[in-house]
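Following: one structure in structure tokens, then a few remarks.
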Amino acid sequence: MDNSVIIKGNNHGITVVLDAALEYDKLKTAVEEKFKDSSKFLGSAPVVLGFEGRALLPQQEKELLDIITESCELNVVCLVDTNEEREKMYEKTLSERLMDISAASGMFYKGNLRSGQALTFESSVIILGDVNPGASVTSKGNIIVLGALKGQAFAGFGGNTNAFVLAFDMAPTQIRISDTIARSPDEPSKDEVKEAKIAFLEDGNIYMEPLNKKVWNDIRL
Amino acid sequence: MGEVIVITSGKGGVGKTTTTANVGTGLAKLDKKVVLIDTDIGLRNLDVVMGLENRIVYNLVDVIEGSCRIKQALIKDKRYPNLYLLPSAQTKDKTSVNPEQMKKLCEELKEEFDYILMDCPAGIEQGFHNAIAGADRALVVTTPEVSAVRDADRIIGLLEANEMKQTHLIVNRLRMDMVKRGDMMSSEDVVEILAIDLIGVVPDDENIVVSTNQGEPLVGSDTLAGKAYMNICHRIIGEEVPYLDLTEKKGLFSRLFGKK
């Protein structure tokens, strides 16, 4: 059994342990063979990749990475340098990537959320219905309510400060975006018109504005 | 050292939450440091009656489970700086809390507050046992209807079985005009059946509906119910207050033209 290349997995990515003594050209072949052999097993999951056991030049690192992506289906989201807190780094990097993905992709939910119901989504969500007082929607991405939002909406759960909440009838008891919380005014103004509004985070404050071109321009997915 | 008071009734819809909100606010008006605890997990509404729903971040279950500190979960009232609310969880159920944990929580809160009011859920299941676990005294709310009185009787029996030191009665939503006609039990009739001391009689008052909907307790205001609740507060802190004359004073117009 050839042990010049070993693949180790952890929760958020894989570590490739390389033989320090082997000639670089032979190592390349070994890496290629190893990943081709394991291609089926590894699948096509999004992973963070790291090398260990051997000092690599940036050029070599890139070459090896190219070999790996060509030899198997793995979706290498990024490469991590060797350091002691490697696993933590993997976790952080992956969750950040997933956060971007979660904001940009979405799910639909059809139905009214009533008091006491709480839904949590990994991605952005579009609610076809109302969110009543006492109900809450939590999403790592954005929340769009094609109805009345009268309960709680918690967008960007996990730290995405670009997340927004949009509703046709915006009258929430509370909105949270990332770590910021805003609550409804105690005296609701009577003459407020029912119109679609968007809530977003800017300079640590949550703002709620009617939809217009300027707002659309400022939105980042 | 504070006192823990549980407001309970057995039957639903007799005014436990309204009473908790008004008595709590009234005690705060009398310069007491008060915390209201909504123990109705899964069907919270004390926060709505107090108009504090939009401030909720943490709740009772978070405190019990240790996912936040008590201080973080306490919501300061918007009118009285010495009045606080510990809201209940909306998405959990009654089994997420047990009586021992409630007792411990009450002991901790007693250090800092003069009065801890527990709004008890309807029924006699775990929620009821959670609410009465740490209580030093109980206020039993009933309306002058046989069904509510029957349930109150059952509750008083359970409180006695659990060795509640002090139990008082509040007769809520009394209508003097009906009592006079003989169509409704009087507070005296209710006291006779239940055989415990009365601490207050609150008339049926449409202002209560308005105040509940606006999230502003009406205790201390110039309404009959407001005065009745304020009197209850005075009696709770040990003052002697005469009972109100609940005969409704009609306006000039109806006095002139109304039927007798």
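3J(HN,Hα) along region A:155-166: 9, x, 4, x, x, 6, 7, 8, 5, 9, 10, 10 Hz, from the Karplus curve 6.51 cos²θ - 1.76 cosθ + 1.60 with θ = phi - 60°, whole Hz, x for Gly and Pro.
Taking GluC sites (Glu not before Pro) as exposed when DSSP calls them loop and at most 14 other C-beta atoms lie within 10 angstrom, chain A has its longest site-free stretch at A:86-191.
The mean number of partner chain beta-carbon atoms within 10 angstrom of a residue's beta-carbon across peptide A:173-179 is 2.
For the protein assembly as shown, taking the reciprocal of the average inverse distance between every pair of different Cα atoms yields a Kirkwood hydrodynamic radius of 26.6 Å. Here, region A:5-102 has an Rg and a Dmax of 13.0, 42 Å when only alpha carbons are counted. Note on residue A:40: lysines with a C-alpha under 24 Å away, same-chain residues under 8 apart excluded, are A:8, A:26, A:28, A:62.
A cut-off under 11 angstrom between Cβ atoms defines the neighbours of residue B:55, and their net charge, with Lys, Arg +1 and Asp, Glu -1, is -1. Please work out the Cα center distance from region B:163-189 to region A:113-134, rounded to the nearest Å. Cα centroid of region B:163-189 versus Cα centroid of region A:113-134: 43 Å apart. Rounded to the nearest Hz, the phi-derived 3J(HN,Hα) couplings of region B:114-123 under the Karplus curve 6.51 cos²θ - 1.76 cosθ + 1.60 (θ = phi - 60°) are 7, 9, 10, 9, 9, 8, 7, x, 5, x, where x marks glycine and proline. In terms of distances greater than 18 angstrom between alpha carbons, the cross-link table entries A:190/B:29; A:150/A:197; B:76/B:165 yield A:190/B:29; B:76/B:165. Over chain B, DSSP H runs of length four or greater, each weighted -39,500 (n - 2.57), average out per residue to a 222 nm ellipticity of -11500 deg cm²/dmol.
The dipole here belongs to chain A: it is taken about the Cα centre, uses +1 on the Cβ of Lys and Arg and -1 on the Cβ of Asp and Glu, and is about 800 debye. Comparing B:113, B:171, B:203 along the charge dipole axis of chain B, the residue lying farthest to the positive side is B:203, per the Cβ-charge model.
Restricting to the protein assembly as shown, compute how many DSSP beta bridges are antiparallel as a %, nearest 5. Taking every DSSP beta bridge with both residues in the protein assembly as shown, the antiparallel ones total about 25 percent. In terms of other Cβ atoms within 10 Å, B:187, A:189 run from fewest to most in the order A:189, B:187. Take each residue in B:43-54, count the other chain C-beta atoms within 10 Å of its C-beta, and the mean is 3. 3J(HN,Hα) along region A:118-131, derived from phi through the Karplus expression 6.51 cos²θ - 1.76 cosθ + 1.60 where θ = phi - 60°, amounts to 10, 10, 10, 10, 7, 10, 5, 9, 10, 9, 8, x, 9, 10 Hz, with x in place of Gly and Pro. Fully extending the segment from residue B:245 to residue B:31 would add 74.4 nm, taking 0.36 nm per residue of separation and subtracting the current Cα-Cα distance. Counting other Cβ atoms within 10 Å as a rough exposure proxy, the listed residues A:218, B:222, B:77 run B:222, A:218, B:77 from fewest neighbours to most.
Close amide-amide hydrogen proximity is noted between residue B:118 and B:5, B:6, B:7, B:37, each under 5 Å apart and 5 or more residues distant or on a separate chain (H modeled in the peptide plane; Pro and chain starts excluded). Note on region B:113-158 and region A:1-44: Cα centroid distance 68 Å, given to the nearest whole angstrom.
Laboratory data are not the source of any read-out in this text; all were calculated from the coordinates shown. Quick caveat, the model's predicted, so the values are computed rather than measured. Here Cβ is always computed from backbone atoms with ideal geometry, including for glycine, and neighbour counts include all displayed protein chains.
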